[in-house]
Amino acid sequence: MTPLVQVKNVVKIYKRDKLEIPVLQNISLDVPEGEFLALMGPSGSGKTTLLNLVSGIDQPTSGSIIVAGTDIAKLNESALAKWRSRNIGFVFQFYNLMPVLTAYDNVELPLLLTNLSKKEKKERVEMVLKVVGLADRMDHYPKQLSGGQQQRVAIARAVVSDPTLIIGDEPTGDLDRKSAEEILILLERLNQEFKKTIIMVTHDPHAAERARIIHHLEKGEFK
Amino acid sequence: MKIPFKYIFRNFKNRKLTTGITVFGIALVVFVFSAVLMMAYGVQKTLIQTGSDENVLVARKSANGEISSILTQDVVDILNTLTQVAKNNEGRPVSSGETVVVINLIKKGTEGGMSNVTVRGVSDQVFTLRPHVKLTEGRMFLFGKRELIVGSSITKRFEGAQLGGKVRFAGDNWTIVGLFDTEGSGFDSEIWGDSEQLQDAFNRRGGFSTFTFRLNQKENFAELKTIFENDPRLQQFEPKIERKYFEEQSEAMAAFIRILGIFITIIFSLGSTIGAMITMYSAVANRTTEIGTFRALGFRRRSILGAFLLESLFISIIGGLIGLSLSSFLQFFKISTLNFSSFSELEFSFSLSPQIVIYTLSFALLMGLIGGFLPAVRASRMNIINALRAS
Ligand SMILES: Nc1ncnc2c1ncn2[C@@H]1O[C@H](COP(=O)(O)OP(=O)(O)OP(=O)(O)O)[C@@H](O)[C@H]1O
Ligand SMILES: [Mg+2]
């Protein structure tokens, strides 16, 4: 079976003024469907850069990134935006919820890019809020929620459109131990119960243990 | 535009102070802008109301106002014999040979400040000719006497112009024996007397200014025009529908108010447009991560552009509505100023029209559009990764 994600000979070089900063050097990686992968590595090793490429918010300097059969390195900007809305669920370190929107409205955002009916949207939003255990908080604004609760809203937002892949860049990085534990249990459940493919960057070995497999990145290369 | 309107509206609501100041600035400019348009329209409305569709006013072609027009007695006599002039039950022509002069009177509350007032000499048919003129107090002046009746605005605003008072001009004292009102036309800003008495006092016997008469049938106006073109004795004169005549008299004044007012408000509007721009730039800067997040979720650049533009338009339309509702209160006020087409005082009220509402709100939206454009473009052009790293 072909892997869900195939990163092939990817090079990423940032150009700042005339200076070239090589970040990823000829990297290859396969992620099978249903995987829960943890990416570890020292600061500056290129973990976020790799995630950005796989999630289609950045383009590689060379190489190809094939996700569910699509080479996303070849898509133009607007095709890529559409692709992201269908295939990627983002979980950010600082949750990145819209402060002026309620939990419900935040979770609904990805669905505004779909053709689902009003009723279907409502059902989906309520369903995922139930999965993350915040059905009773859907009218709360982010600032009325704890960090752990906000991250759970963010996870609900990440899964509401049923994406191919869930991408988390240090999803527990800003949380205390207990909240972090809850988030990890939730991610584990999404992987095991709902068969979601997850790629997560983390500095916390404890967190990484939750994943099925751990990859180490160092100076832009897998160890 | 996929970004929900809630997002735009709540951001507007949340930044109370900055949006408040911006809204206030736009409201202020819109207030001035609409006040100017209402003033110009008020002048027009007042003068249009002055004339009637059923009357014809004859003036000298070369004159650009009533006071600079001269008609001699023999012309008036010819005009009175025209078949197009309506007759009353006694068979007399419904017409008024009028002598229009300007005098100086002291304005109340200005400690001796003078202004010009139109005095109109009229004939005894004038009330039949202009039925909207109503005597409100006292009596009609007697023909052959130095008596006057005074319009409601003049009696309110000028010293000595009250019932029983005397005003002095042309070397004589004239007694005020009555007051009249027309519910807001330009005649309210006039004094009326006997046409012949005025000619005597100003040493211009037989020197009328204009001649106004009731047309026997409206359709006869075209026929009347040909008579004026063909009769050599009338070729220097031009008949016009009275309403149209006064309407044309209002154009110069209204245009002057508009041009001056619009010039001033455009300068003001630069200030509030820049204000809107600063507000929107700071909104974009404060919400960089949110912009990056929207983009990561798959929202397009043009959705971001639209959202910020809409927020700016929202600010400006709220400002516009506030400014407009403030200026709509001006409708309850009357002001009096020198109308330089007649060189005399004219009282009018600020008047609002649907057209002014549309112009004013479009002007507000234009400020929002211009102010919001560059910030919205900046927001839409942001690089996703840099925007996400801003947190
Ligand atoms: N937009 C950019 N322009 C220039 N250099 C960049 C850019 N983004 C990242 N870099 C550089 O690329 C390298 C890798 O960055 P990256 O963010 O991928 O590291 P990371 O492994 O996620 O680190 P951390 O654990 O601290 O988050 C760093 O040296 C960083 O300075
Ligand atoms: Mg990182």
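The values are calculated or read from the model by the stated rules, or taken from the named source; none is laboratory data. Keep in mind that what you see is a predicted model, and the values were worked out from it rather than measured. Counting neighbours? That spans all protein chains shown, and the Cβs are built from the backbone with ideal geometry, glycine included. Ligands, DNA and RNA are excluded from the accessible area calculation, which covers all protein heavy atoms including side chains. Shrake-Rupley method; radii C 1.70, N 1.55, O 1.52, S 1.80 Å.
Go through B:Val36, B:Val30, B:Val56, B:Val23 for me and flag whichever is part of a helix (DSSP H, G or I) and either on the phi > 0 side of the Ramachandran plot or open to solvent by less than 10 Å² (accessible area, probe 1.4 Å) (or both). It would help to see each step written out before you state the result.
Working: B:Val36 fails: either on the phi > 0 side of the Ramachandran plot or open to solvent by less than 10 Å² (accessible area, probe 1.4 Å) (or both); B:Val56 fails: part of a helix (DSSP H, G or I); B:Val23 fails: either on the phi > 0 side of the Ramachandran plot or open to solvent by less than 10 Å² (accessible area, probe 1.4 Å) (or both).
Among B:Val36, B:Val30, B:Val56, B:Val23, only B:Val30 is part of a helix (DSSP H, G or I) and either on the phi > 0 side of the Ramachandran plot or open to solvent by less than 10 Å² (accessible area, probe 1.4 Å) (or both).
Would you mind stating whether A:Thr48 is within 13 Å of ligand 2 (Cβ to nearest atom) and either touching a strand residue (DSSP E or B) at 6+ places or on another chain (Cβ under 9 Å) or more than 14 Å from A:Val201 (Cα to Cα) (or both)?
On the way: within 13 Å of ligand 2 (Cβ to nearest atom): yes; either touching a strand residue (DSSP E or B) at 6+ places or on another chain (Cβ under 9 Å) or more than 14 Å from A:Val201 (Cα to Cα) (or both): yes.
It is true that A:Thr48 is within 13 Å of ligand 2 (Cβ to nearest atom) and either touching a strand residue (DSSP E or B) at 6+ places or on another chain (Cβ under 9 Å) or more than 14 Å from A:Val201 (Cα to Cα) (or both).
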Failed item, numbered, when B:Gln84 is tested on (1) of a type outside the set (Ser, Thr, Tyr); (2) open to solvent by less than 20 Å² (accessible area, probe 1.4 Å); (3) modelled with pLDDT of 95 or more: (3)
Unique match (being more than 14 Å from chain A (Cβ to nearest Cβ), modelled with pLDDT of 95 or more, buried (at least 18 other Cβ atoms within 10 Å of the Cβ) and away from ligand 1 (no atom under 16 Å from the Cβ)) among B:Ser312, B:Ser353, B:Ser362: B:Ser312
Which numbered condition B:Glu66 misses (of (1) open to solvent by 40 Å² or more (accessible area, probe 1.4 Å); (2) closer than 30 Å to B:Phe228 by Cα): (1)
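Do we have B:Met253 as away from every other protein chain (no Cβ under 14 Å), within 37 Å of the chain's Cα centre (by Cα), among the aliphatic types (A, V, I, L, M) and within 20 Å of A:Met98 (Cβ to Cβ) here?
Working: away from every other protein chain (no Cβ under 14 Å): yes; within 37 Å of the chain's Cα centre (by Cα): yes; among the aliphatic types (A, V, I, L, M): yes; within 20 Å of A:Met98 (Cβ to Cβ): no.
No; evaluated as a whole, the condition is false for this residue.
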Residues located in the stretch B:365-391, provided they are more than 16 Å from ligand 2 (Cβ to nearest atom), open to solvent by 60 Å² or more (accessible area, probe 1.4 Å) and within 14 Å of chain A (Cβ to nearest Cβ): B:Arg381, B:Asn383
Pairs with Cβ under 6 Å, 6+ apart, first in the stretch B:86-108 and more than 19 Å from B:Glu196 (Cβ to Cβ), second crowded, with 18+ Cβ neighbours inside 10 Å and of a type in the set (A, V, I, L, M): B:Ala86/B:Val94; B:Asn88/B:Val94; B:Leu105/B:Val117
Residues that are within 14 Å of another protein chain (Cβ to nearest Cβ) and part of a helix (DSSP H, G or I), drawn from the stretch B:1-20: B:Phe5, B:Lys6, B:Tyr7, B:Ile8, B:Phe9, B:Arg10, B:Asn11, B:Phe12, B:Lys13, B:Asn14, B:Lys16, B:Thr19
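Do we find a residue being among the β-branched types (Val, Ile, Thr), more than 14 Å from every other protein chain (Cβ to nearest Cβ), more than 16 Å from the chain's Cα centre (by Cα) and within 13 Å of ligand 1 (Cβ to nearest atom) anywhere in the stretch A:25-38?
At the first step, the residues of the stretch A:25-38 found to be among the β-branched types (Val, Ile, Thr) are A:27, A:31.
Next cut, more than 14 Å from every other protein chain (Cβ to nearest Cβ) only: A:27, A:31.
Applying the additional criterion that residues be more than 16 Å from the chain's Cα centre (by Cα) yields A:27.
Going one step further and asking which of them are within 13 Å of ligand 1 (Cβ to nearest atom), we end up with A:27.
Within the stretch A:25-38, one or more residues are among the β-branched types (Val, Ile, Thr), more than 14 Å from every other protein chain (Cβ to nearest Cβ), more than 16 Å from the chain's Cα centre (by Cα) and within 13 Å of ligand 1 (Cβ to nearest atom).
Out of A:Ile167, A:Ile155, report the one residue that is within 16 Å of ligand 1 (Cβ to nearest atom) and of a type in the set (A, V, I, L, M). Explain how you work it out, then say what you get.
Values: A:Ile155 fails: within 16 Å of ligand 1 (Cβ to nearest atom).
Testing whether each residue is within 16 Å of ligand 1 (Cβ to nearest atom) and of a type in the set (A, V, I, L, M) leaves just A:Ile167.
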Odd one out for A:Ser78 among (1) outside any loop (DSSP other than H, G, I, E, B); (2) farther than 26 Å from A:Gln150 by Cα; (3) in contact with a strand residue (DSSP E or B) (Cβ under 9 Å, 6 or more places away or on another chain): (3)
Candidate set: the stretch A:54-87, residues that are more than 8 Å from chain B (Cβ to nearest Cβ) and under 12 Å from the mean Cα position of the chain (by Cα); chosen: the one most open to solvent (accessible area, probe 1.4 Å): A:Asn87
Contacts under 7 angstrom Cβ, first residue in the stretch A:204-223 being under 27 Å from A:Ile185 (Cα atoms), partner surrounded by 14 or more Cβ atoms within 10 Å (Cβ to Cβ) and of a type in the set (Ser, Thr, Tyr), 6 or more apart: A:Asp204/A:Thr172; A:Ala207/A:Thr172; A:Ala208/A:Thr202; A:Leu217/A:Ser45
Selection count where residues are out of contact with any helix residue (DSSP H, G or I) (no Cβ under 8 Å at 6 or more places or on another chain), touching a residue at least 60 places away in the same chain (Cβ under 8 Å) and either open to solvent by 20 Å² or more (accessible area, probe 1.4 Å) or among the hydrophobic types (A, V, I, L, M, F, W, C) (or both), scope the stretch B:184-216: 6
Selection status of A:Thr172, surrounded by 19 or more Cβ atoms within 10 Å (Cβ to Cβ), more than 10 Å from chain B (Cβ to nearest Cβ) and among the hydroxyl-bearing types (Ser, Thr, Tyr): yes
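Tally the residues that are part of a helix (DSSP H, G or I), more than 7 Å from chain B (Cβ to nearest Cβ) and not β-branched (Val, Ile, Thr), restricting the search to the stretch A:94-115.
Residues in the stretch A:94-115 being part of a helix (DSSP H, G or I), more than 7 Å from chain B (Cβ to nearest Cβ) and not β-branched (Val, Ile, Thr): 5 in total.
Would it be correct to say that A:Ile21 is loosely packed, with under 15 Cβ neighbours inside 10 Å, β-branched (Val, Ile, Thr), touching a Lys or Arg at 6+ places or on another chain (Cβ under 9 Å) and away from chain B (no Cβ under 13 Å)? Working first, answer last.
On the way: loosely packed, with under 15 Cβ neighbours inside 10 Å: yes; β-branched (Val, Ile, Thr): yes; touching a Lys or Arg at 6+ places or on another chain (Cβ under 9 Å): yes; away from chain B (no Cβ under 13 Å): yes.
The answer is yes for A:Ile21.
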Inter-residue pairs, beta-carbon under 6 Å, first under 15 Å from A:Thr61 (Cα atoms) and in the stretch A:15-35, second within 15 Å of ligand 1 (Cβ to nearest atom) and open to solvent by 90 Å² or more (accessible area, probe 1.4 Å), 6+ apart: A:Gln25/A:Glu221
